[in-house]
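The values are calculated or read from the model by the stated rules, or taken from the named source; none is laboratory data. Quick caveat: nothing in here was measured; it's all calculated off a predicted structure. Note that each Cβ is placed from the backbone with ideal geometry, even for glycine, and that neighbours are counted across all protein chains shown. Accessible surface is based on the protein model in full, side chains and every heavy atom, while ligands, DNA and RNA are left aside. Shrake-Rupley method; radii C 1.70, N 1.55, O 1.52, S 1.80 Å.
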Amino acid sequence: MLGFNWLMSCSPKKEELLAMPKEWFELNGYLKIGENGVVTIMSPNPEIGQNVKTSMPMIVAEELDVDWKNVIVEQAPLNTAIFTRQIAGGSQSIRQGWKGLRTAGGTARQMLREAAASAWKVPANEITTEAGMIFHKSSGKSASYGEMASAASKIPVPKEVQLKEVKEFKIAGTPRKNVDGFNIVTGKPLYGLDYKRDGMLIAMIAHPPAFGLKLKSVDDSQARSMPGVKDIFTIRTYQEGYSKHMFDVSSFPDLVVVVGSSTWEVVNARKALKLEWEPFKEYTETYTHFMTGAKMPAKVPAGLENTTKHAQLMSEMSAKPGKVVRKDGNPEAVFKKAAKVIERSYTAPFLAHNTMEPMNFFAYVTDDKAELAGPIQTPEFMEKSVAARIGLPLEKIDIQMTRMGGGFGRRLYGHFLVEAAVISQRMKAPIKLIYTREDDMTNGSYRPSYHALYRAALDANNNLIAFHVKAGGIPESPLFANRFPAGSVENYLAEEWSIPSNISVGAFRAPRSNFIAGAEQSFLDEVAEAAGKDPIEFRLELLERAKNKPVGEKNDYEADRYAGVLQLVKTKSNWGESQTGVYRGVSAYFCHDTYVAHVIDLVMENGKPKVQKVHCAVDCGIVVNPIAATNLVEGGSVDGIGQSMYCGLTFTEGAPDQSNFDKYRVIRHREAPKSIDVHFVQNEIDPTGLGEPPFPPVMGALANALHKATGKRFYTQPFIKDLETSALNM
């Protein structure tokens, strides 16, 4: 066997390597400084691919006023006494951490200044800093941070510090490479699957083949005699009577566990199990909302559900009056006298998260403590779940966060972490729990299936005079009643409904927005067409109305910023300039406090659509790291195109029809856009979310571009089904 490694040429030069200090001085929980001036900055939040492990320390380093090349970044441990909101979810890491991270850096800088002032017998307000150096200009004295670190660590933490003006930033707002980049491309151990421990065993689970079933009996006689098998037993993930929080979602509480020496041996032993399943009866679970503390009952109906029945039920619910969430004016009366009414329905299927790194977690539980390590988005919540389940106090639970090979909401729900802890406690040994792709794809926590009915009323002059949206799903509604075009239409009605299901769902990248944005933006294009107006100008007219004469007081968007991304993408894409054979679609949406607009350029190649180019404009406030921000927008755009064009999960008698990528269609490399141009609105507004906002609107832009290319409107995701049907009928 011959091999080579082209990455050897990327090895850092000796002079580029930081010399490790002989002694560290901790100034606060976020950072410590070595005697040689090297600074270690902790990244508090889980790293899920959004690059917060680079961006969050950049914010600390900015206010610390240190040279970035002298910074080492480490993943912080779970420590709720020091850090707040150690969660990767809701695109809130930078937004929620912005002030705290800046304060941590600014506080340490102030302590260094005070240490120098004390040593030099000068006023602290005469001390300045730059790139890890301290200066007193009038006396000509200077020192490195390392020289003052010991003294600074003994100074009381100041209650208030003066933070920099945005115009003074030298690190935040500049492109910085991923601090894990070299280790990722050279295959260094970073992920949960990489985690190993001496004596570690491998565990896998078997769960019911269909939703609506529970375990009846186990025959493990053949499997027990197979090579490498250490034990086979059943567990209950959460005990009866336990009050779950929102991230304790567990599709199948009773599981069969196989523990062995290696993955291959465990996989084969599990295949030899003879398992019987039986239907369960309807029951109700109660979840505690993680933010409000409110108790939320969830009905879990009995029965084996089917996609065809789901479609029928959603159609029936859409035809009935829903729960009125918002009403402005008198929309019913206006619809009756309208010159023109446009009515359309949109649907989308369940979606599986399909994280690239298979679900896994390490656990070693003893009588005295529990050590856990792996990819989890909600460590501070799952710490409480594990403590309650295995009967240890919270201070005895240690969760180490590894880098995650994708999450998209799937790793918000940490039942697999609890399962690992329960298995380890039973085995009295370190174990690694691993899910196969089939385990995960058939185990729930899906994006719900959705349905939305839209109606618009136009007057004789083609002005939009009434708007109605009725949206629901299985088992939740995707409606955001106070988002655009609410506030821009005098007569507005928003209704919602939902259908209970025993198919468990969870947050999927940009929850609810990931459907409603595409449906809404597709419909607005059709309304613009019926009104004889350019789709961008039509949206800008509505936003102008929302700005100058807003309807209602609960509109959760700023019309100026919304219009800003539309105007920017219009300019950058040269909207209005026709290109032979290029079909364009536009979309814009607000979610997670961020505004995003897309224009898609689509061509037809051999009768099939191909996204040639994506233009994207984003207003997310201050962009901390342009490289990471651009990557997130590019990734979200590709993901949105892929999910809406190809993906879908269906059910027959409660069983998922797709269990791996042979049947679950995802976007291929050749189907990704050839180029994506990303443009950020420049302002000094505090940063907002970016991991999720670029995902939802691109779906509407794609649907609108497909309409221009095919002459057909697309109302059902995945779009590929209608495209293939159209091709067959040609």
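For region 569-671, rounded, prolate or oblate, judged on the Cα gyration tensor with a ≥ b ≥ c (square roots of eigenvalues), a/c < 1.5 rounded, else prolate if a/b > b/c?
On the way: a/c = 2.38, a/b = 1.36, b/c = 1.75.
Cα axes put region 569-671 in the oblate bin.
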On the principal axes of its Cα set, how long, how wide and how thick is region 197-318? Give whole Å, largest value first.
54, 36, 21
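Report the antiparallel proportion of the DSSP beta bridges in the chain as a percent, rounded to a multiple of 5.
Working: 94 of 126 bridges.
Roughly 75 percent of the DSSP beta bridges within the chain come out antiparallel.
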Can you compute the charge dipole magnitude of region 268-423 about its Cα centre, using +1 on each Lys and Arg Cβ and -1 on each Asp and Glu Cβ, nothing else charged? Give it in debye, rounded to the nearest 20.
920
Spatial separation of Cα centroids for region 323-355 and region 692-716, in angstrom
18
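Would you mind telling me the share, in percent, of accessible area of region 479-626 contributed by carbon and sulfur at probe 1.4 angstrom? Write down the numbers at each step before the final one.
Working: 2190 of 5040 Å².
Percent of accessible area from carbon and sulfur atoms in region 479-626: 43.
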Could you tell me, in Å, what Rg and Dmax come out for the Cα atoms of the chain?
27.7, 87
Taking amide H positions as placed 1.01 Å from N in the peptide plane, with prolines and chain starts having none, which residues 5 or more places from residue 655, or on another chain, fall under 5 Å of its amide H?
211
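Starting from 0.36 nm per residue, how many nanometres of slack lie between residue 309 and residue 151 once their C-alpha separation is accounted for?
Numbers: separation 158, 0.36 × 158 = 56.88 nm, distance 7.07 nm.
49.8 nm is the gain from fully extending residue 309 to residue 151.
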Under the rule rounded for a/c under 1.5, else prolate if a/b exceeds b/c, else oblate, using alpha carbon gyration tensor axes a ≥ b ≥ c, region 416-574 is classed as prolate
According to a simple spin-label model (label point 7 Å from Cα along Cα-to-Cβ), what is the distance in nm between residue 556 and residue 160?
3.4
Determine which residues of region 130-150 fall in the zone a paramagnetic label at residue 121 would reach in this model, i.e. backbone nitrogen under 16 Å from the point 7 Å along Cα→Cβ.
139-141
Simple spin-label estimate for residue 708 and residue 344 in nanometres, 7 Å along Cα-Cβ
1.5
The long-range amide H neighbours of residue 594, using H built 1.01 Å from N in the peptide plane and a cut-off of under 5 Å, are 689
Nonlocal amide H pairs with residue 245, under 5 Å, H built at 1.01 Å:
288
In Å, the Kirkwood hydrodynamic radius from C-alpha pairs for region 45-195 sits at 17.0
Please list 3J(HN,Hα) in residue order for region 324-336, calculated via the Karplus relation 6.51 cos²θ - 1.76 cosθ + 1.60 where θ = phi - 60°; whole Hz, with x for glycine and proline.
6, 9, 8, 8, 10, x, 10, x, 4, 5, 5, 4, 5
Give me the number: length gained by fully extending residue 662 to residue 290, i.e. 0.36 nm times residue separation minus the C-alpha to C-alpha distance, one decimal in nm.
130.2 nm
Determine, at each q value in 0.10, 0.13, 0.22, 0.24 (inverse angstroms), the log₁₀ of I(q)/I(0) that the Debye formula gives when each Cα of region 358-465 is one equal point scatterer.
-0.38, -0.52, -1.15, -1.30
Unit charges at the beta carbon, dipole of region 582-730: most positive-side option, 604, 628, 638
604
Once the dipole of the chain is set up from charges on Cβ (+1 Lys and Arg, -1 Asp and Glu), the residue from the list 82, 238, 478 lying farthest towards its positive end is 478
Using θ = phi - 60° and Karplus 6.51 cos²θ - 1.76 cosθ + 1.60, couplings along region 564-572 (whole Hz; Gly, Pro as x)
x, 6, 5, 5, 5, 5, 4, 5, 5
Hey, what's the chain come to in accessible area per residue, 1.4 Å probe, Å²?
43
What are the ³J(HN,Hα) values, in whole Hz, obtained from phi via the Karplus relation 6.51 cos²θ - 1.76 cosθ + 1.60 with θ = phi - 60°, for each residue of region 667-681 in sequence order, with x given for Gly and Pro?
5, 9, 4, 5, 9, 6, x, 5, 8, 9, 9, 10, 10, 9, 5
Let a ≥ b ≥ c be the square roots of the eigenvalues of the Cα gyration tensor of region 376-420; is it rounded (a/c under 1.5), or, if not, prolate (a/b larger than b/c) or oblate?
prolate
Under a Cβ-only charge scheme (Lys and Arg +1, Asp and Glu -1), can you give me the dipole magnitude of the chain about the Cα centre, in debye to the nearest 20?
340
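Contour minus end-to-end for residue 274 and residue 384, with contour as 0.36 nm per residue of separation and end-to-end as the Cα-Cα distance? Working shown, then result.
Numbers: separation 110, 0.36 × 110 = 39.60 nm, distance 3.47 nm.
My answer for the length gained is 36.1 nm.
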Separation of the residue 74 and residue 182 label points, Cα + 7 Å toward Cβ, nm:
1.8
Summed side-chain charge close to residue 624 - residues other than residue 624 whose Cβ falls under 10 Å, Lys, Arg +1, Asp, Glu -1:
0
Farthest toward the dipole's positive end in region 453-601, which of 501, 456, 521, given Cβ charges of +1 (Lys, Arg) and -1 (Asp, Glu) about the Cα centre?
501
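If I take R0 = 41 Å and measure r between the Cβ atoms of residue 240 and residue 324 in this structure, what FRET efficiency does the formula 1/(1 + (r/R0)^6) give, to the nearest 0.05? Walk me through the numbers before you get to the answer.
On the way: r = 38 Å, r/R0 = 0.93.
Taking R0 as 41 Å, the efficiency between residue 240 and residue 324 is 0.60.
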